[in-house]
Amino acid sequence: MDAHRLTALVQEAAGIDEGHAARAIAATLATLAERLDRGEARDLAGEVPPELAPWLATNTPAARFGADEFIRRVAEREGVDAATAERDARAVFTALGYAVSPGELADVAAELPKELAALLPRGPWVEQPTADEFAERVARRTGLDRERAMRAAEAVVETLAERISGGEVDDLEARLPLELHAALERGRAAGGDDARSMPLQSFLSRVAEREGVPPAEALVHARAVLATLREAVGDEEFLDVMSELPADYQRTLVPAGGRSG
């Protein structure tokens with residue numbers, strides 16, 4: 001991933017412009033470098049786009065501070081309030097989750113206290129997202145309220161579970177909030193344990209019917225839910241799921257670049 005794509009991900013995740021995203025990246029990485037041991041900071045610098053690596057340069061031992069101090073330092077560097085700094089830092093960490101390997105992200109998390117590691121992307125190497133967090137991300141991508149976002153999530157994962165194999169449903173249940181398990185089980189019951197054929201238009205029609213929206217709206221919601229699903233389960237599991245779907249699903253439901261919706 002290049003710096004332009006990473007910056008675009010931060011823009012989308014935080015809802016900010018390009019200049020603000022660039023400042024957020026610089027402030028968050030510089031603060032993270034202060035919190036990491038020098039060797040780990042160098043390892044992380046080796047996986048981010050080269051233009052961003054200098055922000056991770058450090059010659060001092062790791063400073064032992066928690067989440068509140070981390071956000072305070074980001075806010076000071078950015079020139080924003082604490083709430084904005086926290087939002088921006090989460091967006092930067094979300095983008096990092098796509099730019100670096102899961103193993104490297106796990107190494108970074110291992111050096112951070114739990115309260116600070118919680119700012120990292122909620123993939124399986126950190127911790128499972130809550131239902132509220134999942135719905136909030138879908139809501140941010142779609143403009144829906146929390147209740148409707150959760151209904152969209154349930155409609156999409158139920159239909160997805162109807163289309164994929166039972167083994168992949170099990171894997172998703174291990175990484176998704178308990179509140180989505182009933183929808184996954186309904187889909188499994190309808191589709192059986194083997195991946196079944198289902199044209200894309202049938203998939204979207206089922207989502208639309210379950211959610212109670214027009215098919216065009218169901219498409220927008222499906223893309224948002226799948227983008228959030230990818231954040232929740234991590235790239236490896238998401239790609240395992242997508243490998244069971246035909247190419248037209250991937251072209252239509254996973255936006256160009258394949259990272260967010």
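Let me have the 222 nm mean residue ellipticity of the chain computed from DSSP H runs of 4+ only, each contributing -39500 (n - 2.57), with the sum over all residues rounded to the nearest 500.
Numbers: 15 runs with 178 residues, N = 261.
Here the helix-only value at 222 nm equals -21000 deg cm²/dmol.
Just the Cα atoms of the chain: what Rg and Dmax do they give in Å?
Considering the chain through its Cα atoms, Rg and Dmax are 19.0, 58 Å.
Let me spell out the model: positive unit charges on the Cβ of Lys and Arg, negative unit charges on the Cβ of Asp and Glu, origin at the Cα centre of the chain. What dipole size does that give, in debye rounded to 20? If you can, show how the numbers build up before the last one.
Working: 30 positive and 48 negative charges, 107 e Å.
With only Lys, Arg, Asp and Glu charged at Cβ, the dipole is about 520 debye.
Kindly report the accessible area of the chain per residue (heavy atoms of protein chains, probe 1.4 Å, no ligands, DNA or RNA), in Å². Don't jump to the answer; show the numbers that get you there.
Values: 11210 Å² over 261 residues.
Ligands and nucleic acids excluded, the result is 43 Å² per residue.
Once you keep just the Cα pairs under 8 angstrom separated by 6 or more residues, what percentage relative contact order results for the chain?
Taking the mean separation of contacting Cα pairs over the length of the chain, I get 16 percent.
Using the per-residue mean of other Cβ atoms lying within 10 Å as a proxy for protection, in what order, highest first, do the peptides 150-156, 78-84, 164-170 fall?
The packing order, highest mean first, is 150-156, 164-170, 78-84.
Using only Cα atoms, find the angle between the long axis of helix 215-233 and the longest principal axis of the chain, and express it within 0 to 90 degrees, rounded to the nearest 10.
50
Run the numbers on segment 42-103 and let me know its relative contact order in percent, using alpha-carbon pairs under 8 Å that are six or more apart.
Relative contact order comes out at 35 percent.
Pop out the ³J(HN,Hα) list for segment 12-26 in order, Karplus 6.51 cos²θ - 1.76 cosθ + 1.60 with θ = phi - 60°, rounded to Hz; leave Gly and Pro as x.
Listing the rounded values in order: 5, 5, 9, x, 10, 7, 5, x, 5, 4, 4, 5, 5, 5, 4 Hz.
Shape call for segment 177-255 from the C-alpha gyration tensor, a ≥ b ≥ c root eigenvalues: rounded (a/c under 1.5), prolate (a/b greater than b/c) or oblate?
Cα axes put segment 177-255 in the rounded bin.
By the gyration tensor of its Cα atoms, with a ≥ b ≥ c the square roots of the eigenvalues, what is the shape of segment 5-88: rounded for a/c under 1.5, prolate for a/b over b/c, or oblate?
Oblate shape, in that a/c is at least 1.5 and b/c is the bigger or equal ratio.
Given the Cα atoms of segment 81-228, and with Rh set as the inverse mean 1/r over their pairs in the Kirkwood sense, what is Rg to Rh to two decimals?
My calculation puts Rg/Rh at 1.01.
Choose one answer from ALA218, ALA57, ALA208: the residue with the largest mean-square fluctuation in a GNM of the chain with alpha-carbon springs under 10 Å.
ALA57
Against the longest principal axis of the chain, how steep is helix 131-142, in degrees 0 to 90 to the nearest 10, with axes from Cα atoms?
90
Got a number for carbon plus sulfur as a percent of the chain's accessible area, 1.4 Å probe?
Carbon and sulfur together cover 49 percent of it.
For a distance above 23 Å, tell me the whole-number percent of Cα pairs in segment 30-160 that qualify.
When every Cα pair of segment 30-160 is considered, 39 percent fall beyond 23 Å.
Could you tell me the relative contact order of segment 137-189? Use alpha-carbon pairs under 8 Å, at least six residues apart, and round to a whole percent.
Relative CO of segment 137-189 lands at 39 percent.
Mean-square fluctuation check for the chain, GNM, Cα pairs under 10 Å: which of LEU112, LEU120, LEU29 is largest?
LEU112
The values are calculated or read from the model by the stated rules, or taken from the named source; none is laboratory data. Since the model is a prediction, treat every value here as computed from it, not as a measurement. Cβ coordinates were reconstructed from backbone atoms using ideal geometry, including for glycine residues, and neighbour counts include every protein chain displayed. Only protein heavy atoms, including side chains, enter the accessible area calculation; ligands, DNA and RNA are left aside. Shrake-Rupley method; radii C 1.70, N 1.55, O 1.52, S 1.80 Å.
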